[in-house]
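Working notes, beginning with the structure itself.
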C-alpha cells in the first residue's frame, strides 16, 4: 500500500512511532511481539515498534524518509501490514510570485515536475522566482506531527509548503538558516525528486 506516513523515534523509550492517520481517539491496542498496533474504531491509525538491538539508529527523531529506517520499518511490519512510503518532501523551483495585498505573503507558483505547478502561499522574505527549495506536498507529515493539507487563505488556494531548516528540524547542515531553504543551482536537475533521499545520500558519502 503506497501511503504517506510519519515515522518518529523516541530516544528515551527506544521506540519508533509510525503515524498513519491523524486522530485524537485511540480505543484499542493490539500487541504482536515487539509491535503495538493503535486502533480507532478497528482502523489502524498508528504503530509503536520497539526495535531489535541490531536495528539501524536514526540520525534524527523525525525519520519518515530516512532510507535505512523506512526499509527497516516496512520489513518489520510486512507480516501484518504492507506499506510503501510515498515521497513527501520534494525539491521544487519557484517559477513566479505574486504579492498578496495588505500582507507580507506571496503566492508562489512552484514547479515539482508534476502535471502542473503548485500554488503555495509563503511568507518567507527570501521567496523569489528562481529559488530552488524544499516542498512539503499535501499529505506530508511534518516533524511537529502537523499534516500538510490543501486550504484557502484570503481567497487564494495553497497546496503545499516551502520549508525552512527549522521546520525540518535540521541542525547539522550547510543550508541557510533564515527564510526558506535556498538550494544551490546544482539542484536544478533534481527538481521533482526526494529531498531526503538526496540529503541522506550525500551524508553517507561524507568522510567520517
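Rounded to the nearest angstrom and listed largest first, the equivalent-ellipsoid semi-axes of region 80-184 from its Cα gyration tensor are 22, 18, 13. Computed extension gain for residue 149 through residue 57, at 0.36 nm per residue and net of the alpha carbon distance, reaches 30.1 nm. The share of Cα pairs per 10 Å bin across the chain, counted from zero up to the longest distance, runs 8, 32, 32, 20, 8, 0 percent. In the chain, the longest principal axis of the Cα atoms and the axis of helix 195-204 are about 70 degrees apart. The long axis of helix 67-77 is offset from the longest Cα principal axis of the chain by roughly 40 degrees. For region 2-85, the equivalent ellipsoid derived from the alpha-carbon gyration tensor has semi-axes of 19, 14, 13 Å in decreasing order.
Based on DSSP H segments of at least four residues, each scored -39500 (n - 2.57), the chain has a per-residue ellipticity at 222 nm of -3000 deg cm²/dmol.
Each reported figure results from applying straightforward, stated rules to the coordinates on display, with no laboratory input. Since the structure is predicted, the reported quantities are computational estimates derived from the model, not experimental observations.
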